[in-house]
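S.K.: Questions regarding the structure given below will be posed in turn.
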Amino acid sequence: MTEFLTTALGFILAILAVGLIRILRGPGDADRMMAAQLIGTSGIAALLLLGTVSGVPAAVDVALTLALLAAFTSIAFVKKGTSRFEADAPGSTEAE
Amino acid sequence: MTFALALEIVLAAVVLTGAVWTIASRETLPAVAGFVAYGLLLALVWVRLGAPDVALTEAAIGSGLTGALLVSAAARLRSSEGPMAVERPDVILRVLAAVLSAAVTTALAISVLLLPDPAPTLATAAAENAAATGLGNPVTNVLMAFRAMDTMLEKIVLLLALVGVWSLAPDRLWGGRPGPRHHADPQGVLAFVARVLPPVGIIVGIYILWTSADHPGGAFQGGTILAAMWLLVMMAGLTDAPPVSERRQRLLLLAGPVVFLIVGLGGLAFGDAFLAYPMAYAKPLILAIEFAMIVTIAVTLGLLVAGPPEREAGS
Amino acid sequence: MSFALDIMTIVAVSVSAFFFLAGTVGLLRFPDTLTRLHALTKADNLGLGLLVLGLLPQAESLRGGIKLICVWIIVLLAGATVSQLIAYAARREGSQL
Amino acid sequence: MSAGTVFGLCAAVAVGLGLYGVITNPQPLRKILAFNLIGSGVFTFFGVVAHRGAAAGFGGDPIPQALVITGIVVAFSATALALALLLRLFQAAGSATLRADAPPSAGSDPAKP
């Protein structure tokens with residue numbers, strides 16, 4: 001079982017590396033944000049697998065923290081320090 | 001064993017990809033993204049090194065909060081990037097820097113390979129004295145009891161950094177509110193997530209503190225989550241950053257260090273030394289310090305990310 | 001019983017790896033931003049969800065299992081939100097062209 | 001080759017990369033990034049030392065681990081202060097360069113906060 005999960009972990013890490021390359025290539029900011037999102041999710045997946053493989057149950061706590069902070073950082077990336085998130089401002093959203 | 005070794009080599013290679021990207025990227029924002037990914041992967045390394053406490057800290061502070069701080073700074077500095085990107089140091093300097101860096105790397109690599117065997121360790125000493133505090137997590141024991149002085153001074157360093165950041169404000173804005181006022185559609189997605197996520201985050205943050213008695217966790221890590229949730233609510237425009245002159249906020253900033261100091265002085269008065277906890281009360285005292293500290297840490301970290309005052313208090 | 005649980009882990013983790021692969025291939029190969037975003041959400045929701053499902057039988061305690069599910073729920077919530085924000089950003093970028 | 005050795009070598013490379021970045025990159029923000037890279041490399045190195053000291057049923061020596069946690073927090077506060085200084089420099093001088101002879105860029109209006 002450990003061998004299988006280790007292989008899966010290696011695979012997820014490879015996907016994460018692909019996500020890194022996507023950030024490198026761009027081209028637009030949107031693609032970079034998507035790649036960051038993929039890195040966050042696959043990082044959490046890798047962490048859960050690693051915790052099981054290495055027998056560190058606290059890895060789940062790390063994953064919880066990472067999930068919350070990844071959401072926070074992703075949103076900070078999308079906002080990029082601007083005070084107004086333009087697409088979300090009244091007027092530019094679709095009529096509800 | 002070879003399976004595990006292969007895994008470690010793959011992990012190290014991916015970590016270094018992030019590091020190379022952080023240095024080599026031409027634009028700043030992708031470099032910051034690379035650094036955040038690097039921090040995330042470093043958390044994996046820490047889990048692998050048997051240090052989930054450090055993994056939590058790296059994931060929360062090293063990657064998440066530092067990332068948010070760097071992103072907003074990078075976005076504000078973007079307009080200065082144009083002429084700067086062209087400006088490159090000459091070839092000789094770069095070659096010299098490369099030689100120097102390679103030399104440092106080689107020296108460190110050699111010292112890794114030559115580390116003494118068996119390694120010196122204080123783990124046995126930490127285990128022998130664990131009964132004195134009644135806590136099961138050795139790292140919390142070291143942070144809160146054996147080396148409590150370090151932790152207290154670190155709180156004061158955080159506070160000094162905040163004072164430093166605040167004092168960068170122009171005179172006329174002193175006492176004002178940090179950062180820009182954020183606005184977002186109150187019915188929009190951002191406001192939605194800023195309403196749903198923080199309650200979950202607060203529970204997780206307190207859980208991380210609570211569990212730190214016997215399992216990996218702690219006040220820094222929990223406090224960072226709380227700070228991130230507060231910043232999220234601010235980013236969604238649901239609340240405003242308080243003016244730096246606000247008295248309640250100042251009290252919260254001081255709560256952790258003051259409780260720490262009082263307990264420390266109590267040790268001096270009733271016990272053997274500064275910060276010596278009486279055996280019977282060690283655990284409740286440590287918990288009291290940690291609860292005061294998580295509040296202070298959350299407020300301090302949040303305000304450090306928010307930055308110096310930029311608007312007048314009334315605005 | 002433990003054998004059946006192991007089989008469940010292997011199947012769920014394999015399928016989850018497939019979804020991660022699909023999401024990544026989509027992210028690299030799909031022609032425009034919104035379709036790439038569509039591919040990405042598969043990795044988020046199904047990939048991680050199936051991984052959590054696969055790791056549940058290996059969890060050491062009930063508390064560990066509950067925390068695993070919490071991780072997935074937080075990622076789902078955050079992923080759904082951030083995907084929308086990215087889509088807005090992409091539309092803004094597109095309209096500027 | 002033990003578990004720690006791989007990550008120890010990884011840490012050595014991270015320190016070297018960070019040092020190169022600090023020296024060669026002209027942008028102060030990138031220097032701060034690179035400096036953080038050096039810091040995390042040193043922390044990882046220390047983590048390898050802690051891992052080798054695993055004894056008494058612990059996964060590693062808790063003393064270096066606790067020191068690294070303190071170090072990460074202090075590194076964060078230093079980064080926050082450095083970035084605030086940089087942004088203030090940008091506001092006051094209109095450019096974020098460290099060169100003394102740099103012309104003020106058109107990026108920002110110094111009079112505007």
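The values are calculated or read from the model by the stated rules, or taken from the named source; none is laboratory data. As the structure is a prediction and not an experimental result, all values here were calculated from the model. No Cβ is skipped: glycine too gets one built from the backbone with ideal geometry, and neighbour counts run over all protein chains shown. Surface areas here come from the heavy atoms of the whole protein model, side chains and all, with no ligands, DNA or RNA. Shrake-Rupley method; radii C 1.70, N 1.55, O 1.52, S 1.80 Å.
S.K.: What's the FRET efficiency of C:Asp32 with B:Arg250 using the Cβ-Cβ distance as r and R₀ = 60 Å, to the nearest 0.05?
M.R.: Numbers: r = 51 Å, r/R0 = 0.85.
With R0 = 60 Å, the Cβ-Cβ based efficiency is 0.70.
S.K.: Ok, one more. Using a 1.4 Å probe over the heavy atoms of the protein chains, calculate the carbon and sulfur portion of the accessible area of segment B:210-315 as a whole percent. Let's see the in-between values first.
M.R.: Working: 2970 of 4310 Å².
Of all accessible area on segment B:210-315, carbon and sulfur atoms account for 69 percent.
S.K.: Mean Kyte-Doolittle of at least -1.0 plus a Cα span of 20 Å or more along the axis: flag which DSSP H helices in chain B meet both, please.
M.R.: Numbers: long enough: B:2-24 (32 Å, 2.07); B:28-48 (30 Å, 1.71); B:91-113 (33 Å, 2.27); B:148-166 (27 Å, 1.61); B:189-211 (32 Å, 1.97); B:219-235 (23 Å, 1.65); B:247-270 (32 Å, 1.36); B:282-306 (35 Å, 2.10).
The answer, listed by residue number, is B:2-24, B:28-48, B:91-113, B:148-166, B:189-211, B:219-235, B:247-270, B:282-306.
S.K.: Further question on the same structure: State the answer as a single residue: which of B:Pro216, A:Thr7, D:Ile32 lies farthest towards the positive end of the charge dipole of the protein assembly as shown, with beta carbon charges of +1 for Lys and Arg and -1 for Asp and Glu, about the Cα centre.
M.R.: Of the options given, the answer is D:Ile32.
S.K.: Using a simple charge model, +1 on the beta-carbon of Lys and Arg, -1 on the beta-carbon of Asp and Glu, nothing else, what dipole does chain B show about its Cα centre, in debye to the nearest 20? Mind dumping the intermediate values first?
M.R.: Numbers: 17 positive and 20 negative charges, 135 e Å.
The dipole magnitude comes to about 640 debye.
S.K.: Which value in nm describes the separation of the simple spin-label points at B:Leu96 and B:Leu287, placed 7 Å from the Cα toward the beta carbon?
M.R.: Taking the simple label geometry, B:Leu96 and B:Leu287 are separated by 6.0 nm.
S.K.: State, to one decimal in nm, how far the label point of B:Ser167 lies from the label point of B:Asp272, with both points 7 Å from Cα in the Cβ direction.
M.R.: Label at B:Ser167, label at B:Asp272, 3.9 nm between them.
S.K.: Pick from B:Ala98, B:Ala126, B:Ala55: which is most flexible by mean-square fluctuation in a GNM of chain B where alpha carbon atoms under 10 Å apart are linked?
M.R.: Sorting by GNM fluctuation, first place goes to B:Ala98.
S.K.: Ok, one more. Rounded to the nearest 20 debye, what is the charge dipole size of segment C:1-86 about its Cα centre when +1 sits on each Lys and Arg Cβ and -1 on each Asp and Glu Cβ? Please list the in-between numbers first.
M.R.: On the way: 5 positive and 4 negative charges, 24 e Å.
For this selection, approximately 120 debye.
S.K.: Just want the answer: with Cβ charges of +1 for Lys and Arg and -1 for Asp and Glu, which residue in B:Leu268, C:Leu53, B:Leu96 is farthest toward the dipole's positive end in the protein assembly as shown?
M.R.: It is B:Leu96, whose Cα lies furthest towards the positive end.
S.K.: Could you tell me which residue out of B:Ala51, B:Leu11, B:Ala33 lies farthest along the dipole of segment B:1-79 toward its positive end? Charges go on the beta carbon: Lys and Arg +1, Asp and Glu -1, centred on the Cα centre.
M.R.: It is B:Ala33, whose Cα lies furthest towards the positive end.
S.K.: Separate question: With a ≥ b ≥ c taken as the square roots of the eigenvalues of the C-alpha gyration tensor of the protein assembly as shown, please select rounded if a/c is under 1.5 and otherwise prolate if a/b is larger than b/c or oblate if it is not?
M.R.: rounded
S.K.: Keeping every protein chain present and rolling a 1.4 Å probe, give me the accessible area per residue for chain B in Å². Show your work: numbers first, answer last.
M.R.: On the way: 12490 Å² over 315 residues.
Dividing the accessible area of chain B by its residue count gives 40 Å².
S.K.: GNM on chain B, C-alpha springs below 10 Å: top fluctuator among B:Arg94, B:Arg48, B:Arg181?
M.R.: B:Arg94
S.K.: Between B:Asp214 and B:Glu312, what length in nm is gained on full extension when 0.36 nm per residue of separation is reduced by their alpha carbon distance?
M.R.: 30.7 nm
S.K.: If you don't mind, another one. For a test of the definition: using alpha carbon positions, the gyration tensor, and the 1.5 limit on a/c, classify segment C:2-92 as rounded, prolate or oblate.
M.R.: Cα axes put segment C:2-92 in the oblate bin.
S.K.: Report, in debye and to the nearest 20, how large the dipole of the protein assembly as shown comes out about its Cα centre when Lys and Arg carry +1 and Asp and Glu carry -1 on their Cβ. Display every interim value, and only then the final one.
M.R.: Working: 36 positive and 36 negative charges, 205 e Å.
Dipole of the protein assembly as shown, to the nearest 20 debye: 980 debye.
S.K.: Then there's this: Taking only complete DSSP H runs, can you tell me which helices of chain C stretch 27 Å or more along their own long axis by Cα positions and average at least 1.0 on the Kyte-Doolittle scale? List each step's numbers first, then the result.
M.R.: On the way: long enough: C:2-29 (40 Å, 1.74); C:62-96 (51 Å, 0.90).
Qualifying helices, which must be both long enough and hydrophobic enough, are C:2-29.
S.K.: Further question: Would you pull out the residues with amide H under 5 Å of B:His183's amide H, same chain only if 5 or more places away, H placed 1.01 Å from N?
M.R.: A:Arg84, A:Phe85
S.K.: Still on this model: Take chain B, connect every pair of alpha-carbon atoms lying under 10 Å apart with a spring to form a Gaussian network, then pick out the residue of B:Leu11, B:Leu254, B:Leu304 with the largest mean-square fluctuation.
M.R.: Between B:Leu11, B:Leu254, B:Leu304, it is B:Leu11 that shows the largest mean-square fluctuation.
S.K.: Can you give the average number of partner chain beta-carbon atoms within 10 Å of each beta-carbon in peptide C:62-68, as a whole number? Working shown, then result.
M.R.: Working: counts 0, 3, 7, 1, 1, 8, 6.
Average per residue, whole number: 4.
S.K.: To continue, here is another question. Quick check: residue separation of B:Arg26 and B:Asn129 times 0.36 nm, minus the Cα distance between them. What number comes out in nm? Show your work: numbers first, answer last.
M.R.: Working: separation 103, 0.36 × 103 = 37.08 nm, distance 5.14 nm.
Full extension from B:Arg26 to B:Asn129 adds 31.9 nm.
S.K.: Classify chain B from the C-alpha gyration tensor, please: rounded if a/c falls under 1.5, else prolate or oblate depending on whether a/b exceeds b/c.
M.R.: Details: a/c = 1.71, a/b = 1.05, b/c = 1.64.
Because a/c hits 1.5 or more and a/b fails to exceed b/c, chain B counts as oblate.
S.K.: Moving on. Could you tell me the convex hull volume per residue, in Å³, taken over the Cα atoms of segment B:1-79?
M.R.: Details: hull volume 4.9 nm³, N = 79.
Cα convex hull per residue, to the nearest whole number: 61 Å³.
S.K.: Calculate, for B:Ile206 and B:Leu160, the FRET efficiency according to 1/(1 + (r/R0)^6) with r their C-beta to C-beta distance and R0 22 Å; round to the nearest 0.05. Mind showing how you got there, number by number?
M.R.: Values: r = 27 Å, r/R0 = 1.22.
According to the calculation, E is roughly 0.25.
S.K.: On a full-extension model of 0.36 nm per residue, what is the gain between C:Leu62 and C:Val15, subtracting their alpha-carbon distance, rounded to one decimal in nm?
M.R.: Between C:Leu62 and C:Val15, full extension yields an extra 14.5 nm.
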